[in-house]
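Peer 1: First the structure, then my questions, so here it is.
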Amino acid sequence: MTRANASTRRDFLFAGLGATFSGWPPWHRPKEIELAETRFRIVYNGRSARRYLWIHGDEQTAREVLEKHIVSHKGVAFFIESQTRDVPVGNGKIDPNRMFSRYGAAANLRSLNPTWSRAEVDEALDELDGGREKLLHTILPPDDGLLVALHNNTGYSVLSEKPIAERMSLKEPGNPHAFFLCTKAADYEVLAKSPYNVVLEQYVRAPDDGSLSRRAAARGVRYVNLEVRLGEADRQRQMLDWLEAHLG
């Protein structure tokens with residue numbers, strides 16, 4: 001099969017995915033989706049409006065937690081096929097959580113590839129533009145569905161979000177590295193009743209950084225980012241279980 005024919009076939013497959021693809025017969029469900037040179041493995045468990053995402057290859061705690069979680073909880077999980085934080089694009093690299101808008105991707109490409117010419121940046125941006133909507137159409141949940149992204153950190157914390165957060169609940173001020181970030185006020189109200197830190201970012205007044213949380217907020221999508229320190233699998237499982245039990 002030629003590259004052109006393969007691309008055409010992928011276009012056909014993904015054109016109809018979005019909100020209904022979890023209802024496809026198992027033998028028709030795609031096992032992966034890609035954007036530029038970044039590929040995501042897709043794991044299904046029944047039919048559900050829940051979507052899950054692991055997007056940074058160096059955040060192995062989140063991967064382990066999600067792989068176990070999707071076995072016992074209905075939904076669709078997306079796992080990036082990478083072992084590193086950044087992924088290749090052209091002859092350079094990009095943070096995969098900065099490629100969900102052209103503006104944010106441009107800033108990240110210039111930062112990570114300082115020797116690139118403007119033409120090289122534009123070429124990479126055009127490649128990302130060519131597949132971004134298909135990826136978003138597939139990963140984002142149907143109406144009233146929920147997308148949960150699992151992340152790990154070493155220095156990043158809920159306090160990093162304070163300058164742009166609309167609301168913040170600090171139930172564990174001594175552990176700022178474990179928190180929920182959500183894009184819907186109704187979800188914030190529920191999560192704020194948990195024993196964990198929570199931040200709401202629904203109408204961020206800051207430059208677009210290309211992250212999935214910003215894209216979800218801009219499109220009115222329910223999104224929760226679950227952050228814990230790298231290595232704290234038990235904490236991440238506890239927080240994910242609380243979310244599942246209380247966030248309908």
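The numbers here are math on the coordinates, done by the rules we state, and not lab data. Remember, predicted model here, so these are calculated numbers, not experimental data. We place every Cβ from the backbone using ideal geometry, glycine too, and count neighbours over all the protein chains shown.
Peer 1: Nearest 500 deg cm²/dmol is fine: what mean residue ellipticity at 222 nm does the chain get from its DSSP H runs of n ≥ 4 alone, each adding -39,500 (n - 2.57), divided by its residue count?
Peer 2: On the way: 7 runs with 87 residues, N = 248.
Per the formula, -11000 deg cm²/dmol.
Peer 1: Okay, next question. Over region 123-166, one equal point on each Cα, no solvent: what is log10 I(q)/I(0) by the Debye formula at q = 0.13, 0.28 Å⁻¹?
Peer 2: Reported log10 I(q)/I(0), two decimals: -0.58, -0.90.
Peer 1: In whole Hz, what ³J(HN,Hα) sequence does region 238-247 give by Karplus (6.51, -1.76, 1.60; θ = phi - 60°), x for Gly and Pro?
Peer 2: Ordered by residue, 3J(HN,Hα) equals 4, 5, 5, 5, 5, 4, 4, 6, 10, 9 Hz.
Peer 1: Using the 10 angstrom Cβ neighbour count as an exposure proxy, how do LYS134, LYS171 rank, fewest first?
Peer 2: In order of increasing Cβ crowding within 10 Å: LYS171, LYS134.
Peer 1: Can you tell me the relative contact order of region 3-246? Whole percent, Cα pairs under 8 Å, sequence separation 6 or more.
Peer 2: Relative CO of region 3-246 lands at 21 percent.
Peer 1: Could you state the per residue volume, in Å³, of the convex hull enclosing the Cα atoms of region 138-248?
Peer 2: So the per-residue hull volume is 104 Å³.
Peer 1: I would also like to ask the following. Quick one: check the C-alpha center-to-center distance for region 205-240 versus region 30-64, whole angstrom.
Peer 2: 14
Peer 1: How large is ³J(HN,Hα) for each residue in region 179-189, as worked out from phi by the Karplus curve 6.51 cos²θ - 1.76 cosθ + 1.60 (θ = phi - 60°), to whole Hz, x for Gly and Pro?
Peer 2: Each residue's phi maps through the Karplus curve to give 6, 9, 10, 10, 10, 10, 4, 5, 5, 4, 4 Hz.
Peer 1: How big is the dipole moment of region 3-246 about its Cα centre under a simple scheme where the beta carbon of each Lys and Arg is +1, that of each Asp and Glu is -1, and everything else is neutral? Debye, nearest 20, please.
Peer 2: 480
Peer 1: Okay, moving on. Express in nm, to one decimal, how much length is gained between GLU244 and LYS31 on full extension, taking 0.36 nm for each residue of separation and deducting their alpha carbon distance.
Peer 2: Roughly 74.2 nm would be gained on extension.
Peer 1: What is the list of residues in region 109-129 whose amide nitrogen lies under 19 Å from a point 7 angstrom out from the Cα of THR84, following Cα to Cβ?
Peer 2: What the label zone holds, given the 19 Å backbone N cut-off, is 109-117, 121, 124-125, 128.
Peer 1: Report Rg(Cα)/(2.2 N^0.38 Å) for region 3-246, keeping two decimals.
Peer 2: 0.99
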